[in-house]
Ligand SMILES: [Zn+2]
Ligand SMILES: [Zn+2]
Ligand SMILES: [Zn+2]
């Protein structure tokens, strides 16, 4: 199946689902996004959800790209950009108007599942010690952490991966791993590209090791 965002072939993953079933999810590592057929993601077990995190953490971080337009891999109709919210968190995805499913960037998946939250002032201070500049997880614009706590380009607030929620999810499958303590990876792990990382990238780097112990 071709990725609605970049038209490359997607990877399909078969994961355990609730009630002893399995579910096959299509994923594009380049776009860091999933295609979900109707109801697929509702049946993911906690373990399968963590597995999706692990795969996304291992995927190369391209620019935070929310595609400008995309087409349904089943019927090729243009997908509709859809804004939704759960509790106080807004998220967005692309959906097929003929009910074939939806295309969801990983960052939006995290928002939908309530795995993203605003950092506390202490956490922002901690971040500033190792990173001065990050990219907005929503629009990709640079954010100067020293002065700003919101993206001056699109207005999105800074958001980090909620490690505590992830640890709770892991505990649902009767495992109690200690969650990672640090918010940012050791400086040596920071990738010094020309592009600054997103806070999502940083969070995923921290989580990679934890998840590989767990799964
Ligand atoms: Zn893609
Ligand atoms: Zn369709
Ligand atoms: Zn932005």
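Between helix 199-214 and the chain there is an angle of about 70 degrees, using the helix long axis and the longest principal axis of the Cα atoms. Per the Debye formula with a single identical scatterer at each Cα and no solvent contribution, what log10 I(q)/I(0) holds for the chain at q = 0.08, 0.16, 0.19 Å⁻¹? Reported log10 I(q)/I(0), two decimals: -0.28, -1.15, -1.55. Ranked by the mean number of other Cβ atoms within 10 Å per residue, highest first, peptides 76-83, 112-119 order as 112-119, 76-83. Going from the fewest other Cβ atoms within 10 Å to the most, the residues 94, 210 appear in the order 210, 94. Rounded to the nearest 10 degrees, the angle from helix 46-58 to the longest Cα principal axis of the chain is 70 degrees.
Could you tell me how many degrees, from 0 to 90 and to the nearest 10, lie between the Cα long axis of helix 163-172 and the main elongation axis, the longest principal axis, of the Cα atoms of the chain? Computed tilt is about 50 degrees. For the stretch 1-98, what does the alpha-carbon gyration tensor say about shape, rounded, prolate or oblate, given a ≥ b ≥ c as the root eigenvalues, a/c under 1.5 as rounded, and a/b over b/c as prolate? Rounded is the answer for the stretch 1-98, as its axis ratio a/c remains below 1.5. Per-peptide packing, taken as the mean over residues of other Cβ atoms within 10 Å, places 136-145, 39-48 in the sequence 136-145, 39-48 from highest down.
Just so you know, all these numbers are worked out from the coordinates, no wet-lab data involved. These numbers come from a predicted model, not from an experiment. Counting neighbours? That spans all protein chains shown, and the Cβs are built from the backbone with ideal geometry, glycine included.
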